[in-house]
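First up is the structure itself, then whatever we jot down about it.
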Amino acid sequence: MKKLLFGMAALVLVTTTYAQGLEIKGGYDVWRNISKDYMGDSGGSIDQGWTLGAEYLWAYGEDYTYGVGTEFRSRIEDDKNEYNNSMPFYLVGKYEMLDEMFYLVGRGGYNASSNVTGGNTRGGHYVGVGVGRDLGFFNLEVLYENMGYEFKKEDQSGYHDSVGIKFGMKLGEFYDMMRQEAAPRRIVVISEEGDNSVIPENISVVEESEIIPVIVEEEPLIKYTLDHFEFNDGELSEKGRADLDKLKPEVGGAKKITATGHTDTRGSVEYNQKLSEERAQAVVDYLEIPEEVEVEVIGKGESMPLGEDHNTNRRVEIEIEK
């Protein structure tokens with residue numbers, strides 16, 4: 001337990017400044033096995049048990065994360081023997097697959113093992129592989145783990161392995177969201193005074209399936225949000241190009257066009273800033289804007305999410321001033 005508290009304290013200290021990567025993980029091993037007992041005889045299935053740990057993760061691009069972690073595991077034992085306590089310390093990597101449907105996870109490190117009645121125990125290797133799925137501020141993983149040990153008095157070494165279910169809570173992402181101001185709703189209504197405070201009576205309701213939002217004749221301003229960007233991609237999709245084709249007639253005669261790109265929250269701040277600029281530039285290039293029209297390309301990176309849905313956050317907001 002002291003090792004668990006020490007590991008957790010170290011992670012909390014690190015995340016005082018960089019809180020967005022902290023995950024708390026709890027789980028249960030549905031199957032455990034040990035290769036040898038104290039006397040070197042073949043082992044077998046042992047008691048199931050719970051796990052509790054934490055990870056601190058960094059993002060690399062939009063589809064890969066890596067970090068460090070630790071996990072306290074309930075006592076390795078069966079109905080005859082108590083073998084050892086285990087607490088792995090490890091590096092971890094996760095890779096998104098099939099447009100975030102699930103991710104692959106791998107762990108590697110050292111299994112710290114403490115003494116239990118019957119032997120002076122020393123740790124050994126630790127590896128883990130599995131799959132997981134993100135569920136908003138939570139995730140669910142199924143993991144196979146293998147860790148080494150040595151009974152020094154008996155001069156016996158071996159390993160125990162397990163299959164378990166891990167449930168994680170992304171405390172860092174939740175904390176980061178709470179610090180951000182709520183994003184304003186995208187209501188396309190322009191008053192005659194231009195302060196968005198009055199709804200003119202001559203504005204008609206536009207169906208969601210229509211591409212061009214409300215245009216007010218007194219002060220023409222068109223706002224449209226394009227959110228058909230693929231995961232980790234700055235290129236326009238086929239659906240995105242089709243929508244922009246319907247917007248092209250409004251480009252002629254415009255005074256100014258502003259394209260503001262956004263990304264979801266996966267990936268580093270620097271990477272997402274660059275990606276948001278690429279998306280905004282892709283929209284401007286496709287619209288074939290005349291030279292006399294003033295153009296502004298803005299990248300907001302991941303700083304202005306609309307919610308938890310990554311697909312919606314990957315967007316470009318377009319404003320056309322007539």
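The values are calculated or read from the model by the stated rules, or taken from the named source; none is laboratory data. For clarity, every value in this text was computed on a predicted model and none was experimentally measured. Methodologically, a virtual Cβ is constructed for each residue, glycine included, from the backbone with ideal geometry; neighbour enumeration extends over all protein chains shown.
For every residue, the table says whether it meets (1) free of Cβ contacts under 8 Å to residues at least 60 places away in the same chain; (2) among the hydrophobic types (A, V, I, L, M, F, W, C); (3) within 18 Å of residue 319 (Cβ to Cβ).
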residue	(1), (2), (3)
224	no, no, yes
232	no, no, no
239	yes, no, no
267	no, no, no
282	yes, yes, yes
Within region 58-86, the count of residues that are among the charged types (D, E, K, R) and closer than 30 Å to residue 274 by Cβ comes to 2
Point to revise | Any chance residue 246 is in contact (Cβ under 8 Å) with a residue 60 or more places away in the chain, more than 25 Å from residue 97 (Cβ to Cβ) and out of contact with any Leu (no Cβ under 7 Å at 6 or more places or on another chain) | key: no
### Task
Test residue 133 against the criterion of being among the basic types (Lys, Arg), without any contact (Cβ under 8 Å) to a residue 40 or more places away in the chain and closer than 20 Å to residue 27 by Cβ, and give yes or no.
yes
Going through region 245-277 in order, the residues found to be part of a helix (DSSP H, G or I) and crowded, with 22+ Cβ neighbours inside 10 Å are 272, 275, 276
Listed by first then second residue, the pairs whose first member lies in region 296-322 and is under 13 Å from residue 283 (Cβ atoms), whose partner is of a type in the set (S, T, N, Q) and part of a helix (DSSP H, G or I), with beta carbons under 7 Å and at least 6 positions apart or on separate chains, are 297/281; 299/273; 299/276
* Inspect all residues belonging to region 278-288 and state whether any of them is surrounded by 15 or more Cβ atoms within 10 Å (Cβ to Cβ), modelled with pLDDT of 90 or more, part of a helix (DSSP H, G or I) and among the charged types (D, E, K, R). => yes
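Does residue 55 satisfy the condition of being more than 26 Å from residue 275 (Cβ to Cβ), among the charged types (D, E, K, R), crowded, with 18+ Cβ neighbours inside 10 Å and not assigned by TED's automatic domain parsing to the domain that holds residue 265?
Criteria not met by residue 55.
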